[in-house]
Amino acid sequence: MRSESLGISTESSGSIVFQWEDMVEDSRLLEIRNLVTRFYTEEGVVRAVDGNSLHLDAGETLGIVGESGSGKTVTALSIMGLIENPGLIESGSILFRGDELLEKTQQEMLEIRGKEIAMVFQDPMNSLNPTLTVGDQIARVLHFHTSLSRREKKRRAIELLRQVEMPEPEKRLGNYPHQLSGGMRQRVLIAMAISCNPTVVILDEPTTALDVTIEAQIFELVDKLKAQFDMGIILITHDLAVVANSCDRVIVMYAGRIVEEAPVIDLYENPLHPYTRGLLNSIPQLDKEKQERLPSIPGEVPELITLPEGCNFSPRCKYAVEKCMHDDPPIIKIAPGRRLACWKAGEFIE
Ligand SMILES: Nc1ncnc2c1ncn2[C@@H]1O[C@H](COP(=O)(O)OP(=O)(O)OP(=O)(O)O)[C@@H](O)[C@H]1O
Ligand SMILES: [Mg+2]
């Protein structure tokens with residue numbers, strides 16, 4: 001059961017205390033609260049994820065969208081327990097089915113990764129080992145997380161390739177990555193990700209290198225698998241057309257912060273944050289173009305080392321007023337399932 005609060009709940013990495021008023025449902029897979037992940041580089045401290053909260057339920061696809069460098073991948077790597085030196089998760093909480101991941105040992109995280117939470121990484125070519133056949137790569141994952149015999153692993157690998165609709169699965173087992181097309185490689189990565197029946201799958205820009213037809217097939221497949229196994233999916237993408245077609249709910253990130261969250265239909269019909277509006281306004285035909293990058297909004301994303309005072313987006317925002325230049329807007333719940341971080345929000349709500 002979920003109890004939506006009637007009042008406004010606020011959260012931020014600053015002085016306003018996070019108040020979580022929703023009861024956690026059984027279907028809640030992930031619950032991230034006030035996550036802060038930083039990188040301590042020679043140039044300075046990179047505020048890659050700056051006090052964000054989000055959740056994921058079983059059977060839904062959550063889209064995370066935002067320009068390059070907005071902290072999408074770092075959010076995913078934080079969930080996976082893969083933030084390495086000079087990075088540090090400084091504070092916050094990542095609950096997986098109510099269990100705190102940030103308190104897990106490395107060994108415990110090794111067991112959770114792949115088995116409970118799996119990720120398809122941003123760079124498909126680097127994610128596959130060029131010296132191993134498809135069958136051996138899948139078998140490795142199965143070997144780590146299961147006690148299947150050699151023969152059972154082979155049978156399971158074929159079954160997985162069939163599930164991801166790989167043509168001629170028996171034959172593909174003996175192929176090396178370079179013998180496969182981009183779409184086939186992506187299917188292998190998805191097969192590896194679902195091999196141990198995880199409940200959460202994170203896909204980080206899974207189709208950037210693929211053409212539109214293959215991309216559509218991959219997302220159809222992801223949808224089918226999600227329904228079949230009741231997984232929760234986090235889909236990170238630059239591509240707003242992909243979000244429109246594949247996601248139930250969307251989070252928009254800007255310079256390390258979540259600036260807006262909405263059910264997908266609401267986001268497209270009534271985007272509220274000026275940044276989201278800018279992104280959507282500049283796509284002429286959502287369903288006709290494949291976008292490699294987000295449409296451009298005048299100005300540049302700030303360096304995460306030297307963020308502007310006030311709202312991070314204020315230097316590029318045509319609606320910005322004096323307050324926006326000095327005070328950081330907290331993210332506020334404005335309706336069930338909708339959150340927004342903007343001082344001018346009230347003026348946009350219809
Ligand atoms: N290992 C690292 N060391 C230092 N800074 C890092 C490291 N990894 C990421 N960052 C910084 O963290 C910020 C967020 O990066 P992230 O990779 O999450 O962006 P992204 O939204 O996934 O971008 P893209 O769309 O290009 O993949 C960037 O400023 C990036 O330079
Ligand atoms: Mg990324």
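The values are calculated or read from the model by the stated rules, or taken from the named source; none is laboratory data. A quick note: this is a predicted structure, and the numbers were derived from the prediction, not measured. So basically every Cβ, Gly included, is an ideal-geometry build from the backbone, and we count neighbours across all protein chains shown. Surface accessibility is based on the protein's heavy atoms, side chains included, excluding ligands, DNA and RNA. Shrake-Rupley method; radii C 1.70, N 1.55, O 1.52, S 1.80 Å.
Which one is surrounded by the fewest Cβ atoms within 10 Å (Cβ to Cβ) among residues in region 56-96 that are touching a Cys at 6+ places or on another chain (Cβ under 9 Å) and more than 21 Å from residue 116 (Cβ to Cβ)?
Here the residue is 63.
Under 8 Å between Cβ atoms, at least 6 apart or on separate chains: pull out the pairs that start in region 109-132 with a residue that is on the phi < 0 side of the Ramachandran plot and within 16 Å of ligand 2 (Cβ to nearest atom) and end on any residue that is in a helix (DSSP H, G or I) and among the polar types (S, T, N, Q).
Going by the 8 Å Cβ cut-off, the qualifying pairs are 120/127; 120/186; 121/127; 122/73; 124/186.
Out of everything in region 32-42 that is more than 9 Å from ligand 1 (Cβ to nearest atom) and over 21 Å from residue 97 (Cβ atoms), what residue ends up being most open to solvent (accessible area, probe 1.4 Å)?
Filtering first and then ranking leaves 42.
Of the residues 195, 246, which single one is more than 16 Å from ligand 1 (Cβ to nearest atom) and either within 30 Å of residue 144 (Cα to Cα) or basic (Lys, Arg) (or both)?
Unique residue meeting the criteria: 195.
Pull up region 65-115, narrow it to residues that are aliphatic (A, V, I, L, M) and assigned to a loop (DSSP other than H, G, I, E, B), then point me to the one that is nearest to residue 233 (Cα to Cα).
Only one residue tops the list, namely 82.
Looking at region 88-104, I want the residues that are farther than 16 Å from residue 77 by Cβ and have a partner that is among the acidic types (Asp, Glu) and modelled with pLDDT of 95 or more with Cβ atoms under 8 Å, at least 6 apart or on another chain. Which pairs are those?
93/31; 93/100; 95/31; 98/31
Among the numbered conditions (1) within 13 Å of ligand 1 (Cβ to nearest atom); (2) open to solvent by 10 Å² or more (accessible area, probe 1.4 Å); (3) closer than 23 Å to residue 205 by Cα, tell me where residue 49 comes up short.
(2)
In contact with a helix residue (DSSP H, G or I) (Cβ under 7 Å, 6 or more places away or on another chain), at pLDDT 95 or above and crowded, with 16+ Cβ neighbours inside 10 Å: does that describe residue 169?
Considered against the rule, which asks whether it is in contact with a helix residue (DSSP H, G or I) (Cβ under 7 Å, 6 or more places away or on another chain), at pLDDT 95 or above and crowded, with 16+ Cβ neighbours inside 10 Å, residue 169 comes out as yes.
In the list 221, 210, 225, 279, which residue meets the criterion of being assigned by TED's automatic domain parsing to the domain that holds residue 28, modelled with pLDDT under 95 and within 16 Å of ligand 1 (Cβ to nearest atom)?
279
Looking at region 57-64, can you tell me whether even one residue there is among the hydrophobic types (A, V, I, L, M, F, W, C) and not in a strand (DSSP E or B)?
Yes, there is a match, as at least one residue in region 57-64 is among the hydrophobic types (A, V, I, L, M, F, W, C) and not in a strand (DSSP E or B).
Table: residues versus (1) more than 18 Å from the chain's Cα centre (by Cα); (2) closer than 24 Å to residue 78 by Cα; (3) in the same structural domain as residue 78 (by TED's automatic domain parsing).
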site: 108; (1), (2), (3): yes, yes, yes
site: 111; (1), (2), (3): yes, yes, yes
site: 164; (1), (2), (3): yes, no, no
site: 180; (1), (2), (3): yes, no, no
site: 184; (1), (2), (3): yes, no, no
site: 189; (1), (2), (3): no, yes, no
site: 193; (1), (2), (3): no, yes, no
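Going residue by residue through region 12-19, is there one that turns out to be surrounded by 18 or more Cβ atoms within 10 Å (Cβ to Cβ), more than 16 Å from ligand 2 (Cβ to nearest atom), modelled with pLDDT under 50 and of a type in the set (S, T, N, Q)?
Taking every residue of region 12-19 in turn, at least one turns out to be surrounded by 18 or more Cβ atoms within 10 Å (Cβ to Cβ), more than 16 Å from ligand 2 (Cβ to nearest atom), modelled with pLDDT under 50 and of a type in the set (S, T, N, Q).
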